[in-house]
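Visitor: This is the structure I want to talk about, given as structure tokens.
Read the figures in this text as sums done on the coordinates, not as results from a lab. As the structure is a computational prediction, the values presented were derived from the model and not from experiment. Glycine gets a Cβ as well: all are built from the backbone with ideal geometry, and neighbour counts include every protein chain shown.
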């Protein structure tokens, strides 16, 4: 593993011949992320409706309105295309929910954590983003 911060790393090609991260490895990498990322089952999508649903990285961001939420989702889509790694994204009024997992291995790979870190960098620049309030 490199000592370069996750958000500065590039996604590597991921094929079905690679192994998914173990639960221990995933938990270890999760602790290196900023933000309120969690491990949760992959969302059931049209592409994965017959597959098992192991863990994915999951996070919801709040925005001031639908337009700013949609704009962030579009910006994230551009980044996903550039990196060649794509999330499941759900846009609602004032919210964007994101799941990262590696479809080729139907599980988590380092790429998912790289993209979660890049997502954190991206959201800080997003117009209308409402950061979580610190706990008192």
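Visitor: Return the tail of the calculated pair distribution for the chain, meaning the percent of Cα-Cα pairs more than 24 Å apart.
Guide: Roughly 27 percent, once rounded to a whole number.
Visitor: Ranked highest first by the average count of other Cβ atoms within 10 Å around their residues, in what order do 55-65, 15-25, 95-105, 72-82 fall?
Guide: 95-105, 55-65, 72-82, 15-25
Visitor: Taking 22 Å as R0, compute the FRET efficiency from the Cβ-Cβ separation of residue 130 and residue 90 and round it to 0.05.
Guide: The pair residue 130/residue 90 has a calculated efficiency of 0.80.
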